[in-house]
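Following: one structure in structure tokens, then a few remarks.
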Amino acid sequence: MDDEILRLLREPSDSFHSGEEISRRLKVSRTAVWKRVENLRASGYDIEASRRLGYRLVRAPDLLTPSEIKPLLKTKWMGKRIHHFQTIPSTNTEAYQLALRGAPEGEIVIAESQEKGRGRLGRHWVSPPFLNLYLSVILRPEIPPSQASLITLMAAVAVAEAIERFSGLHPVIKWPNDILVENRKVAGLLNEIHSETDRIHFVILGIGVNLNMEKELLPKEIRGLATSLKMETGKSVSRKEFVPCLLGALEKCYTLFLREGGKPVLDAWREKARLKGKPVKVTSFGETLLGRAVDIDAEGRLILETEKGERKRIVAGDVEYKKERQ
Ligand code: BTX
């Protein structure tokens with residue numbers, strides 16, 4: 001009913017709605033309306049109450065609930081169903097379970113905080129409450145599993161585009177899926193796939209973006225490695241406005257990928273990664289390689305020229321950019 005009261009208070013926004021009108025339209029008692037208004041206030045909604053005029057929504061909090069996001073959403077199909085949690089172990093785990101139970105493409109899971117936010121290779125993703133975005137999208141692309149990494153590259157492009165459009169910053173993608181601003185990680189992607197040999201059942205696109213994270217909240221060991229939109233621009237950002245911007249970019253990039261294949265994704269990724277010729281250290285399956293990044297191939301693998309002049313294709317791993325030797 002929170003959703004219904006909020007929808008009603010927003011039509012048109014700024015005007016009063018009498019308790020009687022609300023109780024009639026929602027088919028509940030006036031006491032029930034009053035209780036719900038009190039609950040909404042407790043969640044941060046500023047609702048003015050006047051004996052004569054009724055209730056008026058003065059200001060809504062920056063929450064990532066469906067009632068806050070849906071009025072701002074301009075996508076055709078992505079994010080039309082939002083599963084929202086105050087806190088959850090991991091949005092990816094929840095989305096995976098939903099997808100196993102048959103949830104359709106485009107459903108999303110959002111949490112205000114994660115207790116066990118996950119990075120790649122079992123690493124931890126720092127996920128404090130009410131500051132950032134922790135989002136997982138269910139996708140069901142009809143592509144062979146060999147192309148799954150292109151979905152990761154596509155998502156990295158979409159996240160970088162959304163950050164750029166929203167903040168004016170110019171993020172750079174680091175292979176395979178870190179989004180950096182001034183060389184510090186502002187967003188990360190964790191894509192998990194459920195497939196058989198020839199067919200993908202679903203992909204869970206997990207996206208963490210540091211929006212209003214403060215430096216002091218970052219654990220010491222990643223303080224020099226991580227950043228947020230607020231840390232870079234000096235201004236707080238509206239989380240609920242960022243979500244529609246990101247989902248819009250994702251829907252556009254994913255649709256283009258399904259329609260035109262990998263080329264536009266790879267071209268956009270290359271432009272945002274500026275990878276060619278960079279001296280790198282690559283750690284992959286316990287092996288460390290030094291060399292120069294040459295490019296990515298049609299399947300999103302990193303092509304590396306080692307110091308001995310050998311060409312290697314890296315399927316998975318971590319890249320560190322090295323300083324040019326003088
Ligand atoms: P990754 O393995 O590339 O990066 C994880 C590493 O990044 C950590 O080991 C740490 O050094 C650093 N790190 C941890 N937290 C943060 C942070 N908040 N900001 C910047 N750096 C950090 C990247 O994995 C994939 C992250 C995906 C997170 C999303 S959130 C929604 C979804 N649910 C979930 O559990 N994970 C994904």
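Every number here is computed from the coordinates shown, using simple stated rules; none is lab data. Model, not experiment: these values are computed from the prediction. Please note: Cβ atoms are built from the backbone with ideal geometry, for glycine as well, and neighbour counts cover all protein chains shown.
What the table shows:
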read-out	value
Set of lysines near LYS230 by C-alpha distance (under 23 Å), chain-local residues within fewer than 8 positions excluded	LYS174, LYS185, LYS215, LYS220, LYS240, LYS272
Computed lengthening from ARG259 to GLU48, 0.36 nm per intervening residue step minus Cα-Cα distance	71.1 nm
Length-normalised contact order of the chain in % [C-alpha pairs under 8 Å, at least 6 apart]	13 percent
Extension gain (nm, one decimal) between LYS322 and ARG292, 0.36 nm per residue minus Cα-Cα	9.9 nm
Longest DSSP-loop-exposure-free segment, chymotrypsin sites (Phe, Trp or Tyr not before Pro), the chain, at most 16 other Cβ within 10 Å	131-284
Over the chain: helical MRE at 222 nm, DSSP H runs n ≥ 4 each giving -39500 (n - 2.57), nearest 500	-9500 deg cm²/dmol
Radius, Kirkwood style, for the chain when every pair of distinct Cα atoms is counted (Å)	21.4 Å
Loop trypsin sites (Lys or Arg not before Pro), region 123-230 (other Cβ atoms within 10 Å of the site Cβ: 11 or fewer; DSSP)	ARG123, ARG199
Spatially proximal aspartates and glutamates relative to LYS80 (Cα-Cα < 15 Å; intrachain offsets below 8 disregarded)	ASP3, GLU68, GLU105, GLU107, GLU251
FRET efficiency for LYS116 and HIS170, using Cβ-Cβ distance with R0 set to 35 Å, rounded to 0.05	0.60
In Hz, Karplus ³J(HN,Hα) per residue of region 156-165 (6.51, -1.76, 1.60; θ = phi - 60°; x = Gly, Pro)	4, 4, 5, 5, 4, 4, 5, 4, 5, 5
Residue pairs, from the table LYS27/LYS74; LYS276/LYS312; LYS278/LYS312; LYS70/LYS235, whose Cα atoms sit over 22 Å apart	LYS27/LYS74; LYS70/LYS235
Amide hydrogen neighbours beyond the local backbone of PHE85, cut-off 5 Å, H modeled	ILE110, ALA111, GLU112
Simple label model, 7 Å out from Cα along Cβ direction - GLU214 to GLU105, nm	4.3 nm
From phi via Karplus (6.51, -1.76, 1.60), per-residue ³J(HN,Hα) for region 256-264 in Hz, x at Gly/Pro	4, 4, 5, 7, 10, x, x, 4, x
Residue-by-residue Karplus 3J(HN,Hα) for region 213-228, coefficients 6.51, -1.76, 1.60, Hz, glycine and proline x	4, 9, 4, 5, 7, 7, x, 3, 5, 10, 4, x, 9, 10, 8, 9
Unit charges at the beta carbon, dipole of the chain: most positive-side option, THR91, PHE242, MET78	PHE242
Residue of SER236, SER113, SER228 that the Gaussian network model of the chain assigns the largest fluctuation, springs spanning Cα pairs under 10 Å	SER236
Helix axis angle, 91-100 relative to the chain longest principal axis, alpha carbon, degrees	90 degrees
Magnitude of the charge dipole, region 251-326, Cβ model with Lys/Arg +1 and Asp/Glu -1, debye to 20	260 debye
Calculated FRET value between HIS201 and GLU271, using beta carbons and R₀ = 35 Å, to 0.05	0.65
